[in-house]
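Quick note: the coordinates plus some simple rules give every number you see, no bench work behind them. This one's a predicted model, so the numbers in the text were calculated from it and none came from an experiment. Quick reminder, even Gly has a Cβ in these numbers, built from the backbone with ideal geometry, and neighbours come from all protein chains shown.
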Amino acid sequence: HAKNSGRGRAETFNADLARKAAGKEALERDLRAGLERGEFLLQFQPQIDVVANRAIVAEALVRWAHPERDMLFPATFVHVAEASGVIVELGDWIMDQVCETAARWARDGLAQRVAINISMRELSQADFFLRLRHAMTRHGTPPGAIELEITESMAMDMDARLRDQLQALRDSGVRIAIDDFGTGYSNLARLRDLPIDRVKIDSSLVRNIETSAEARIICSAVVALIQGLGLDVVIEGVETAGQVDILRVIGCTVFQGYHLAHPAHEPDYIARFGPAASSVLEA
Ligand code: C2E
Ligand code: MG
Ligand code: MG
Ligand code: MG
C-alpha cells in the first residue's frame, strides 16, 4: 500500500518534470521566435539623486510583448533564457539597444548613463567584452554613458581573467555596479579589490527599516562600509517616503524604486526625466 502511493507520487513527480521540461523547450522555442519577431523591448527606471534633484542613471529592464499574453517580465523568462543559452542572443539585442539609446541620449545632452543588466551566462562568454566594444563603436556610444550591472555573486565568483577584462572596461570609462547587494554571501574584504564604482543595495535590506531598529542598524552599517571603501551607494526597491527619510539620515542620496518612479517606456521616461524636465521629484 505504502509502496503504491510512493510509486504514485514518483509517477506524478516524473510527469511533472516531463511537463516542466516540455514547457521549458516550448518556452525556449518561443523565445527564439520572439527575438526574430522583434517582440522584446526595454523599459527604463531612473536612479534619482535627491540632493541634485535629477536622474543620473536609467536602468534598462527587458520586457517581452508576447503576442498571446500580457507583457511578460524577466522573472518569467530570463532563467530559461539563461539555462538554454538564448540569453546570449537576447543579451546581444539588449546590448545593441542600450548602446544605441545611450549614444542618442548623449547627443541630445541628456547627462544620464544607461545601465544594462548582465547575467553570468553572458559575462562568461569569451567574446563578451569584444561584443560590447563593437556595439559601442557601432553606435558611437561614449563609454561614460554606459554602466554594467553584475550581481553580487557574479562579482564574488569572478576569476582573475574576468576581473582584468572588467578592469580594462572600467579603465575605458564604463561604470561597473554590483546589483542586488546583500542577497548573497559577500567576502566584504574582496569588495575593495574588485573593479567596481557603485553598489546597489538590495531592497530586502531596506524593506523593514521603518519598523525595525535592527534593520536600520544593519542597513546603516552596510552603507557605511561601502562608502568607506570609496564606492557609491544606490538603494534599490525604495517604496515609501519614510524609507527615503531614514536612508537620507543614514547618508544615502541616490534612490531607485516605485516610490520615485516605475519603469517606463522611453518616451514617458524622457518626458519626465529628460532635458526638459524641471524637477524630477514632483509628479
Ligand atoms: P534587478 O536588476 O535587480 O532590477 C530591479 C527589479 O526590481 C526590476 O524588476 C524592477 O522593475 C523592480 N523594481 C524597481 N523598483 C521596485 C520597487 O520599488 N519595488 C519592487 N518590488 N520592485 C521594484 P524586473 O524589471 O521585473 O527585473 C527583474 C530582474 O530581471 C532584474 O533585477 C534583473 O536581474 C533581471 N533583468 C531585467 N532586465 C534584464 C536584462 O536586460 N538582462 C538580464 N540579463 N537580466 C535582466
Ligand atoms: Mg539591475
Ligand atoms: Mg537589483
Ligand atoms: Mg534583482
Kindly provide log₁₀ I(q)/I(0) values, in the same order as q = 0.12, 0.14, 0.15 Å⁻¹, from the Debye equation applied to equal alpha-carbon scatterers of the chain. -0.83, -1.08, -1.21
Counting only complete DSSP H runs, which helices of the chain cover 18 Å or more along their long axis at the Cα atoms and score a mean Kyte-Doolittle of 0.5 or above? 213-228
When the helices in the chain are scored as -39500 (n - 2.57) per DSSP H run of 4 or longer and the sum is shared across all residues, what 222 nm value do you end up with, to the nearest 500 deg cm²/dmol? -15500 deg cm²/dmol
Treat every Asp and Glu Cβ in the chain as -1 and every Lys and Arg Cβ as +1, leave all other atoms uncharged, and give the resulting dipole magnitude about the Cα centre to the nearest 20 debye. 360
Please sort 208-214, 138-144 by packing, taking for each peptide the average over its residues of neighbouring beta carbons within 10 angstrom, highest first. 138-144, 208-214
When ranked by the protection proxy of mean other Cβ atoms within 10 Å per residue, highest first, what sequence do the peptides 117-127, 233-243 form? 233-243, 117-127
Which whole-number percentage describes the relative contact order of the chain, with Cα contacts under 8 Å and a sequence gap of 6 or more? 18
If unit charges are put on Cβ atoms (+1 for Lys and Arg, -1 for Asp and Glu) and the dipole of the chain is taken about its Cα centre, the option from Gln45, Gly182, Ala106 lying farthest towards the positive end turns out to be Gly182
Compute the distance in nm between two label points, each set 7 Å from the Cα along the Cα-to-Cβ direction, one at Asp268 and one at Arg161. 4.3
Size of segment 120-175 along its principal axes in angstrom, Cα-based, largest extent first? 32, 19, 17
Working from the pairwise distances between different alpha carbons, so that the mean of 1/r is found and then inverted, what is segment 159-202's Kirkwood radius in Å? 11.1
